[in-house]
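Trainee: Could you have a look at this structure, given as C-alpha cells, before my questions?
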Amino acid sequence: MAMQLSKGERFNISKEAPGLKKMAIALGWQVTGAGESYEIDVSAFMLGADGKIPNDKYFIFYNNLQSGDSSVLQLIRDKNNRSQENKTIYGVILKRVNPEIEEITFVVTIDEAEKINANFSNIKNAFIKIYNLDTENELVRYELKENFSRETAVEFGRLYRKNGEWRFQAVGAGYQAGLQSFVDKYCS
C-alpha cells in the first residue's frame, strides 16, 4: 500500500524502495465544467545546487519531452480522455540523472490564465504519485487538499537528492503566476 503524504511531508525513496532504478511520477486532476476550456501544462525543472537548470535541456515540458541526460521523459496522455486518472507521467531513470542535478520540481500551470480569467478553483482532486516502473507498485501519493481559489500555478512536489539518497517532498504551493515566471526563476 502506498504511503499517503500531507503537504510538506517527505518520503525517503532510497530507504523505502532500496534498489529502485526506474520510477514514474504521475500527476493528475479533474476539471469542473467551468474549467473545461483550460489548457493545463505540466513542467519539470531539473535544478543544480544553485537552484537553476544547467541548460534548457533540463526543462522538460510540452516542447522538450526529454532531459539532456535522458534520465527524465515526459509522456503526455490523451487530453480528450477525461476519465483517465493520470494526466501527465514522467519516467525517471535514477542512475542516468546528471550528478549536477540535485532537485526535480514538478509544476502545473494554466496556459494564459490571466487572459481567460482562470484559476485552480475549477481543478479538483489533484495528486502526484510515484510508482516503481518495473513492478507498477505505487510507493507514495500526495493528494492536494488545498482550495486554490486565486492561484494559476501549483508546485505539486519535488524529487531531490540529500546525502546521496533520493527523496520526495509533497509541496502543494500555489502561485499567482504563469509558466514564464517559473522559467524566469529557474533559468540562468
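Trainee: Only residues that are over 28 Å from A2 (Cα atoms) and open to solvent by less than 20 Å² (accessible area, probe 1.4 Å): list them for segment 18-57, please.
Mentor: Narrowing segment 18-57 to residues over 28 Å from A2 (Cα atoms): 33-39, 48-57.
Across segment 18-57, the qualifying residues are G35, G48, I53.
Trainee: OK, next. Checking the condition among the basic types (K, R), under 15 Å from the mean Cα position of the chain (by Cα) and modelled with pLDDT under 95, which residue from K87, K7 passes?
Mentor: K87
Rundown of residues vs (1) under 13 Å from the mean Cα position of the chain (by Cα); (2) modelled with pLDDT under 95, yes/no style:
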site: S67; (1), (2): no, no
site: L75; (1), (2): yes, yes
site: F106; (1), (2): yes, no
site: K115; (1), (2): no, yes
site: L139; (1), (2): no, no
site: K145; (1), (2): no, yes
site: Y160; (1), (2): yes, no
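Trainee: Next question. Are there strands (runs of 3 or more DSSP E) fully within segment 130-188 with at least 3 residues that are open to solvent by less than 20 Å² (accessible area, probe 1.4 Å)? List them. Steps first, please.
Mentor: Values: elements: 138-143, 153-162, 165-175.
Output list reads 153-162, 165-175.
Trainee: Go through the residues of segment 87-104 one by one and say whether even a single one is of a type in the set (K, R), open to solvent by 20 Å² or more (accessible area, probe 1.4 Å) and outside any helix (DSSP H, G or I).
Mentor: The answer is yes; a qualifying residue exists.
Trainee: Quick one: count up the residues across segment 1-17 that are touching an Asp or Glu at 6+ places or on another chain (Cβ under 6 Å) and loosely packed, with under 13 Cβ neighbours inside 10 Å.
Mentor: 0
The values are calculated or read from the model by the stated rules, or taken from the named source; none is laboratory data. Note that the coordinates shown come from a computational prediction; the quantities given were computed from them, not determined experimentally. Methodologically, a virtual Cβ is constructed for each residue, glycine included, from the backbone with ideal geometry; neighbour enumeration extends over all protein chains shown. Side chains are part of the model used for accessible areas, which takes the heavy atoms of the whole protein and leaves out ligands, DNA and RNA. Shrake-Rupley method; radii C 1.70, N 1.55, O 1.52, S 1.80 Å.
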